[in-house]
């Protein structure tokens, strides 16, 4: 099973990346007025999501909500403490300012995600759920606005009217 487990992990990563890639391709096709091709990319992306979720479930990595929140906090903590600081440093060394900005924006948002997951975990451990808020996401950096959109993104300054409701 050891090889199969590694294969499931690899397949999950590949399918997840294909989903995101196809959604990016769909947005580009849409912006070019290629509606049919955009729909094809979105349909393929959804299929890749089905595959990725099946692989993740088969790996046993989808547990109860408390355990899932703990895993989310752990993942965000790794990105905050290890992954993005290293990526930022390397981008600075290589004078890749676009990558540096992308990594810094992501790091800022990951800190917010970590806090939101921690708050949700505290509620769950008390037997409570979060309030049913609307979430709005900045399409440039991913900043999550809860219930109400700021006039501009506090991370990347994208205007309010660009945010997308989740």
Hits in the range 58-69 (condition: within 16 Å of residue 121 (Cα to Cα) and part of a helix (DSSP H, G or I)): 65, 66, 67, 68, 69
Please state which one of 82, 77, 58 is surrounded by fewer than 17 Cβ atoms within 10 Å (Cβ to Cβ) and touching a residue at least 40 places away in the same chain (Cβ under 8 Å). 58
Inside the range 143-166, can you point out the residues that are in contact with a strand residue (DSSP E or B) (Cβ under 6 Å, 6 or more places away or on another chain), farther than 19 Å from residue 120 by Cα and surrounded by fewer than 12 Cβ atoms within 10 Å (Cβ to Cβ)? 164, 165
Pairs, please: C-beta under 9 Å, at least 6 apart or cross-chain, first residue outside the structural domain of residue 108 (by TED's automatic domain parsing) and free of Cβ contacts under 8 Å to residues at least 60 places away in the same chain and in the range 147-161, second surrounded by fewer than 13 Cβ atoms within 10 Å (Cβ to Cβ) and in a loop (DSSP other than H, G, I, E, B)? 147/131; 147/133; 147/134; 148/134; 159/151; 160/151
Out of all the residues in the range 89-97, is one or more under 24 Å from residue 138 (Cα atoms), assigned to a helix (DSSP H, G or I) and not assigned by TED's automatic domain parsing to the domain that holds residue 158? yes
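To keep it simple, each residue is scored yes or no on (1) more than 24 Å from residue 7 (Cβ to Cβ); (2) in the same structural domain as residue 11 (by TED's automatic domain parsing); (3) in a helix (DSSP H, G or I).
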site: 48; (1), (2), (3): no, yes, yes
site: 71; (1), (2), (3): no, no, yes
site: 80; (1), (2), (3): yes, no, yes
site: 99; (1), (2), (3): yes, no, yes
Does any residue of the range 39-51 turn out to be under 23 Å from residue 109 (Cβ atoms) and under 21 Å from the mean Cα position of the chain (by Cα)? yes
The residue that is surrounded by the fewest Cβ atoms within 10 Å (Cβ to Cβ), considering only those in the range 108-142 that are within 12 Å of residue 156 (Cα to Cα) and in the same structural domain as residue 74 (by TED's automatic domain parsing), is 108
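The values are calculated or read from the model by the stated rules, or taken from the named source; none is laboratory data. Values in this document were obtained by computation on a predicted structure and should not be read as measured data. Ideal geometry is used to build each Cβ from the backbone, glycine not excepted, and the neighbour counts take in all protein chains shown.
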